[in-house]
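Report on the structure given below.
The values are calculated or read from the model by the stated rules, or taken from the named source; none is laboratory data. All values derive from a computational prediction rather than experimental measurement. Counting neighbours? That spans all protein chains shown, and the Cβs are built from the backbone with ideal geometry, glycine included.
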Amino acid sequence: MRAVIVLAALAMAACSTTSTPTTQAASSAWDGRWSGTATASGQGCETSLRVEATVTGGRMEGQVIGRSIASFSATILETGEFTDLSVDTTSGATGRGTVSEEEIRGTWRNRYCRGDFTMTRAGL
């Protein structure tokens, strides 16, 4: 009987796992560097901007480059959609879009301007 208890305890110990949080997100099909253009319309808005981003593990971070530079970020869902695009500007731009293996496409807006953007892979 004692041997059965010892074997049961060993079996339970072997099956139990402790998970250690990881600091790196799982890779995604969209990982890599992307670049492209953004357009804008509205009073006093730059009409043509450059956009650069890096996607790592489903997280997109980048910059919009025009007269000034603004950072942006978004989380890409497994479906390839993102609805939480946030641009770090005083006017609080937000946006949404989709990602495929060849292209990132979306729309954005703030209280003064609105527009769209398209990026293609700049490298892996």
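If a residue must be without any contact (Cβ under 8 Å) to a residue 40 or more places away in the chain and surrounded by 13 or more Cβ atoms within 10 Å (Cβ to Cβ), how many such residues does region 85-121 contain?
17
Assuming GLU61 fulfils every condition listed in (1) surrounded by 15 or more Cβ atoms within 10 Å (Cβ to Cβ); (2) modelled with pLDDT of 95 or more; (3) not β-branched (Val, Ile, Thr) apart from one, which condition is it?
(1)
Considering region 95-117 alone, what residues qualify as being closer than 15 Å to ARG33 by Cβ and in a strand (DSSP E or B)?
Answer for region 95-117, where residues must be closer than 15 Å to ARG33 by Cβ and in a strand (DSSP E or B): VAL99, GLU103, ILE104.
Name the one entry in SER35, SER28, SER68 that is hydroxyl-bearing (Ser, Thr, Tyr) and modelled with pLDDT of 95 or more.
Working: SER28 fails: modelled with pLDDT of 95 or more; SER68 fails: modelled with pLDDT of 95 or more.
The unique qualifying residue is SER35.
Condition test on PHE72, is it within 17 Å of ALA40 (Cβ to Cβ), within 11 Å of the chain's Cα centre (by Cα) and either outside any strand (DSSP E or B) or free of Cβ contacts under 8 Å to residues at least 60 places away in the same chain (or both)?
Details: within 17 Å of ALA40 (Cβ to Cβ): yes; within 11 Å of the chain's Cα centre (by Cα): yes; either outside any strand (DSSP E or B) or free of Cβ contacts under 8 Å to residues at least 60 places away in the same chain (or both): yes.
When the stated conditions are applied, PHE72 passes them.
Between a first residue in region 30-53 that is over 14 Å from ILE69 (Cβ atoms) and in contact (Cβ under 8 Å) with a residue 40 or more places away in the chain and a second residue that is in a loop (DSSP other than H, G, I, E, B) and among the hydroxyl-bearing types (Ser, Thr, Tyr), which pairs have beta carbons less than 6 Å apart while being 6 or more apart in sequence or on different chains?
ALA40/THR47; GLY42/TYR112
Among the numbered criteria (1) at pLDDT below 95; (2) within 16 Å of ARG109 (Cα to Cα); (3) of a type outside the set (Gly, Ala, Ser), which single criterion is violated by VAL51?
Result: VAL51 passes all but (1).
For ARG67, are the conditions met, namely being assigned to a strand (DSSP E or B), among the basic types (Lys, Arg) and surrounded by fewer than 16 Cβ atoms within 10 Å (Cβ to Cβ)?
On the way: assigned to a strand (DSSP E or B): no; among the basic types (Lys, Arg): yes; surrounded by fewer than 16 Cβ atoms within 10 Å (Cβ to Cβ): yes.
When the stated conditions are applied, ARG67 does not pass them.
Being in a strand (DSSP E or B) and closer than 19 Å to THR56 by Cα is the filter here, so list the residues in region 75-94 that pass it.
The first filter runs over region 75-94 and keeps only residues in a strand (DSSP E or B), leaving 75, 81-87, 94.
Within region 75-94, THR75, GLU81, PHE82, THR83, ASP84, LEU85, SER86, VAL87 meet the criteria.
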